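The values are calculated or read from the model by the stated rules, or taken from the named source; none is laboratory data. Note that the structure is a prediction, hence the values are computed from the model and not measured. So basically every Cβ, Gly included, is an ideal-geometry build from the backbone, and we count neighbours across all protein chains shown. Just the protein is used for accessible areas: all its heavy atoms, side chains included, with ligands, DNA and RNA removed. Shrake-Rupley method; radii C 1.70, N 1.55, O 1.52, S 1.80 Å.
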Amino acid sequence: MHVVVNAATSADGKLSTRRREQIKISGADDFARVDRVRADSDAVLVGVGTVLADDPHLTVDDADYRDERQSDGREPHPARVVADSRARTPTDARILDDAATTYVLVSESAPADRVSALEKTGGTVVTAGDTRVSFPEAFAELEARGIDRLMVEGGGEVIFSLFEDELVDELSVYVGSVVLGGRDAPTLADGDGFVESFPTLDLRDVERIDDGVLLTYDVV
Ligand SMILES: NC(=O)C1=CN([C@@H]2O[C@H](COP(=O)(O)OP(=O)(O)OC[C@H]3O[C@@H](n4cnc5c(N)ncnc54)[C@H](OP(=O)(O)O)[C@@H]3O)[C@@H](O)[C@H]2O)C=CC1
Ligand SMILES: Nc1nc(O)c(N)c(N[C@@H]2O[C@H](COP(=O)(O)O)[C@@H](O)[C@H]2O)n1
């Protein structure tokens, strides 16, 4: 599986403010670029922290891109995936509506009643890991279901874990011209942090978009 991480940060590396509310860092042109990346993906993944904070829809906005996908024999929207060890995704979350297939990755410790509530809402539950979602295991299952190209939109906890598991192939960071600050504000890669064996990035491209900069890296 090819895994592409895409996120937008402030100039000081934050994904959002300390209130963890959704904020727009990207401008119109960058959101249009993100839409293209979504349209080119088989699935789009976020963590349950992002679902609880942003209630994202994760669908393709541009009708031409949806038509293009359908003429290639694909669904109009990529599948949506949420990493949610304890099945906390609210049943009325937008990610669970019927616009696209939604996979909820849970761990063995997820309460059975929550799992069944998510299944009743139409989510396809994939169990991987004892107390926390095991991405290597979950991704093998997604690959078996035809997901070869996965876009990850955040947040910082999930992005860190994916780097820790050495599952990231490409990283795109849109750096907006704003400072958010806050020692508790989420950053691009949170988790426990690396102290050695840091992931190595190869800078492939730098592009000015809106009033910010898009940095594109291959993970070595
Ligand atoms: N600017 C941008 O581009 C973006 C900004 N954001 C912002 O980021 C913030 C949310 O980020 P964050 O709080 O880090 O949340 P995440 O979306 O990264 O979700 C984190 C949660 O995912 C669950 N999870 C399941 N499996 C794993 C695993 N193996 N490793 C790590 N986490 C796992 C955990 O909950 P559990 O243990 O219950 O499973 C964890 O708490 C919000 O403020 C949102 O607005 C988010 C996306 C993009
Ligand atoms: N690329 C980008 N730029 C920003 O400024 C952002 N705030 C985000 N957030 C991500 O987009 C998701 C929202 O998706 P929908 O519009 O609801 O489809 C959000 O959950 C973050 O993952 N991204």
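Phi-derived couplings, Karplus 6.51 cos²θ - 1.76 cosθ + 1.60 at θ = phi - 60°, listed residue by residue for the range 172-177: 10, 10, 8, 9, x, 8 Hz, with x used for Gly and Pro.
To the nearest 20 Debye, how big is the dipole of the range 24-155 about its Cα centre, given +1 on the beta carbon of each Lys and Arg and -1 on that of each Asp and Glu?
Numbers: 16 positive and 27 negative charges, 71 e Å.
Computed about the Cα centre, the dipole is about 340 debye.
For the range 2-219, the solvent-accessible area with a 1.4 angstrom probe is 50 square angstrom per residue.
Helical content alone sets the calculated 222 nm signal of the chain at -7500 deg cm²/dmol, taking -39,500 (n - 2.57) per DSSP H segment of four or more residues and averaging over every residue. Extension gain, residue 52 to residue 109: 0.36 nm times the residue separation minus the Cα-Cα distance gives 18.6 nm.
Put a dot 7 Å past the Cα of residue 17, heading toward its Cβ, do the same for residue 36, and the two dots end up 3.2 nm apart. Amide H contacts of residue 145 (H built 1.01 Å from N, in plane; Pro and chain starts excluded): no residue 5 or more places away or on another chain comes under 5 Å. The candidates 86, 66, arranged from most to least accessible area with a 1.4 Å probe in the full protein assembly, appear as 86, 66. Site pair residue 130 and residue 166 shows an inter-label distance of 2.2 nm when each label is modelled 7 Å from Cα along Cα→Cβ.
Atom-type composition of the exposed protein surface of the range 133-220 places 46 percent of the accessible area on carbon and sulfur (1.4 angstrom probe). Most tightly packed first, judged by the mean number of other beta-carbon atoms within 10 Å of their residues, the peptides 179-187, 118-126 read 118-126, 179-187.
Could you tell me the calculated FRET efficiency between residue 28 and residue 143, based on Cβ-Cβ distance and R0 = 25 angstrom, to the nearest 0.05?
Details: r = 34 Å, r/R0 = 1.36.
After rounding, the FRET efficiency stands at 0.15.
When only the Cβ of Lys, Arg, Asp and Glu is charged (+1, +1, -1, -1), the dipole of the range 90-205 relative to its Cα centre reaches about 380 debye. A P(r) calculated from all alpha carbon pairs of the chain, with 5 Å bins opening at zero, reads 1, 7, 14, 19, 21, 18, 12, 6, 2, 0 percent.
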